[in-house]
Each structure stands twice: as structure tokens, then as C-alpha cells.
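**Student:** Next up is a structure, given as C-alpha cells.
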Amino acid sequence: METLESRLPSIFIVPLIQFLVGVCLFIALLHGRRDLTVLALIVLGITLGARLWSRLSLSRIGCVSMVDKHRLFPGESLLLYMSAENRKFLPVWIQMRVPVEGALDPAFGETELTGESGLLWYQQARFRWELIARHRGIHRVGPAHIQVGDLFGFFPREKRTGGDIHVIVYPRLVPLKPFALPRRDFFGVPGAKSPVQDPVYILGTRDYQHLRPARHIHWKASARHNRLQEKVFEPSEQEHILLTVEASQFERENAPDSFEAALEVVGSLAVQSYRRGLAVGLVTNGVVEGGPSILPIRRSPQQLSSILEILARLKMKADGCLKDTLRRALESVWAVSCVHFSYEQDEGTLATAQYFFHKKIPTIFVVCASRAPWESTRHTLGGKVHRLDEIRMAEARKA
């Protein structure tokens, strides 16, 4: 922690005034002026006492900060709680200031988060502020600046707490128009419609069909429903969807708005695919602040939140070639379909399309812009091509 000292404008802390009070005390003692002596001693006593009080006020001051949620979407609000405790017998005056980044705004229009209170011996003060998330990213709250001092406020001293809080704001989810995802896995159909079923994972039960094996009968459910019930299993192989984001094109074209719009569609498509029961993964060549750029394809309770967190940490800055990243990501993966997001259709996109073609990976390409006439170049990538505006709902584009 770093300790600073600041002073409020007051005649008691001006060195010239203190010198003059000392001169008055000397003159009063020299001439035996009792009233002037008492007054000068009171002024000097208050000044020296307040200075000593201020120096002791920093000791044994504790501060704790927390938020009610660390992950949220743009437009949602969070509550920031801070408490300060005076763990000594000496009363103090305390003021708290909490810096927040521009993407987290106070809900009631304050320019900064401040709170002020007086603390008696072994007393605790609590402060609460509401913050609203404005856009995607990793945002920092704190560290808090604590200013304490004597109850007069003559010699306030400040220290900065050592910790801060990081808040993850996911990309905004937008409604998408229905479009067909690329399908490769023959067994990627849900439940009992799958020709090959996995007896380990049970989706539910249904009335027993007389042509089905007797080993699939669910006896407890049958007793509960008073009729034979059979187990419904998950498919032996789930459909695998890989979402890829080419960040270098957005960086080269300096297109932050298009980059944010693309990430909103990526996050919305990941949520949509996950709810449909698909196994989803994510690969990008962009810089991911404090996180991986490759998320293997799987279906688990944490997979969706992991994808959204990577998108929240993703920066519009390339870190190598996407094809090299794909080679590492697809070493041991098969039966994959891909949805590829890029800024435009250029040579880099064509090279990625050739890589997917040699890997026999069916791919849908989603681009934000195209320098060539769109209709004439629509099928040059060897897969279906969509403009980003074609798959976003109109109300999402207006927002």
C-alpha cells in the first residue's frame, strides 16, 4: 500500500500562522498576559494534537470490497460493496474514493464513487454503489483510495488499498435469423432419433415399444407410471460445431464496431447451438487477455460460460496466423463442422477455406464486408457465405 499526505486549506496548518501564534505566545509569556497565553496554547495544542492524531489514524484501518456478481452482460447492473473498519480506540474521519473504468458507469450519474463517514472506536462503515455495464470486456474496479485523519479534517492522510476487482462483461446476445449449420456427423441427432445410442447417458423415458430390447426397460419408472417405460439415450456421437474468429482482418481495417458486432453474433450462435444440444468449441488468432485462444469442442456445463468469457477477453489484435492455430486445435478432432467469422473475403480467408477443404470440414463463412461485388464472389470460398447483416435480426442491428 502506498501512503500519501494531503492538506485541507485551514489557518491551523499554514506554517506562517503557526509561527505567528508562537510569537504571540512568547510575547504573552514575556509580558505576563494570561488570556493571550491560554489562547495561543489552545491553538498550538489543537494543531499539534490534530497532526499527531492524523499520523495515528492510518494504523489498524481495514477495508474490504466485493461485488454481487463478477460476470454479466451489457446493460445489466452490479452492486459494489465496501466496508471500512476502525480497529483501534482512536476515532477517525474517513473518506473513500473508488475509481472505475469507463465501461462501468455509476447508475445515478455520479462522476466518481465517493463515501464519507466518521468512525468511532472499533466501528465499521459500509458503502454501496450500483454500476451498469456498458460494453464487453474485462473491467477493473478499484483499488480504493482511503483518506483518513483527525475529526477536524486538518491533516488528512491517504492510502491506496492493494487489491482490485475484475468484472467480466460478456458480449451482448442478439437474436439471429434461422440459418442451416453445416452438418457432417451422421449420428448428430438427438435422443431416440439417433441410429446409434449410448447406453451411458440417459435423456429420459417413454412408453415401451414391443420391438425394443427388454434390457432398455426402466423398471422404477414403469412401477411409478403403472406401465412399461423404456430409457431414451443420448446419441453415440454428438454433432461438433467449431466457431472460428479471424482477428487480424479487423485489426488491419481498424474496424472495432464490426469486430464487436461479429463477437455478438459468435456468442449468440454459441448459446443457440448449446441449447440445441450440440458440442461447441472456439478458436481464434486474436489476443485473449489472461485466457486461452483455443477452447476444445465439448459439451459440458461449463463450456458455454467458457466460450463467453473468451469472447469477453478477446482483443482486436492478432497473435499469429489462424491456420497455425487451427492446426493445433484440430490435431485430434474429427467429424467437425465449422462457422468461420472474418471481416472480409480476402486471400487470408481463401487460405483458411482451402485448409478446411483439405481437412474435409464443411464450413459456413460469415463476413462483415466484401471489397468485390458480393453476388459474383459469393461461392468462391467453397462453402456457404453469409453477410453478418443477413443473419442478425433487424432490431439487433438497430440496437
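The values are calculated or read from the model by the stated rules, or taken from the named source; none is laboratory data. These figures come from a predicted structure and were not determined experimentally. Positions of Cβ are generated from backbone atoms using ideal geometry, with glycine treated the same way; all protein chains shown enter the neighbour counts.
**Student:** Can you run down the residue pairs with Cβ atoms below 6 Å, 6 or more apart or on separate chains, where the first is in the range 284-303 and assigned by TED's automatic domain parsing to the domain that holds S273 and the partner is of a type in the set (S, T, Y) and outside any strand (DSSP E or B)?
**Tutor:** T284/S293; N285/T325; L295/S306
**Student:** Oh, and also: Looking at (1) assigned to a helix (DSSP H, G or I); (2) outside the structural domain of E347 (by TED's automatic domain parsing); (3) crowded, with 16+ Cβ neighbours inside 10 Å, can you tell me which one A223 breaks?
**Tutor:** Failing condition for A223: (3).
**Student:** Let me ask something else about it. Taking the options E309, E251, E331, E264, name whichever one is at pLDDT below 90, among the charged types (D, E, K, R) and buried (at least 16 other Cβ atoms within 10 Å of the Cβ).
**Tutor:** Working: E309 fails: at pLDDT below 90; E331 fails: buried (at least 16 other Cβ atoms within 10 Å of the Cβ); E264 fails: at pLDDT below 90.
That would be E251, the only listed residue that is at pLDDT below 90, among the charged types (D, E, K, R) and buried (at least 16 other Cβ atoms within 10 Å of the Cβ).
**Student:** Filter the range 154-179 for residues that are closer than 23 Å to G267 by Cβ and over 17 Å from the mean Cα position of the chain (by Cα) and give the result.
**Tutor:** V174, P175, L176, K177, P178, F179
**Student:** Condition first: farther than 30 Å from L308 by Cβ, modelled with pLDDT of 75 or more and not acidic (D, E). Can you find one or more residues in the range 16-27 that meet it? Before the answer, list the steps.
**Tutor:** If we filter the range 16-27 for residues that are farther than 30 Å from L308 by Cβ, which is where we start, we get 16-27.
Narrowing further to those that are modelled with pLDDT of 75 or more: none.
The answer is no; no qualifying residue exists.
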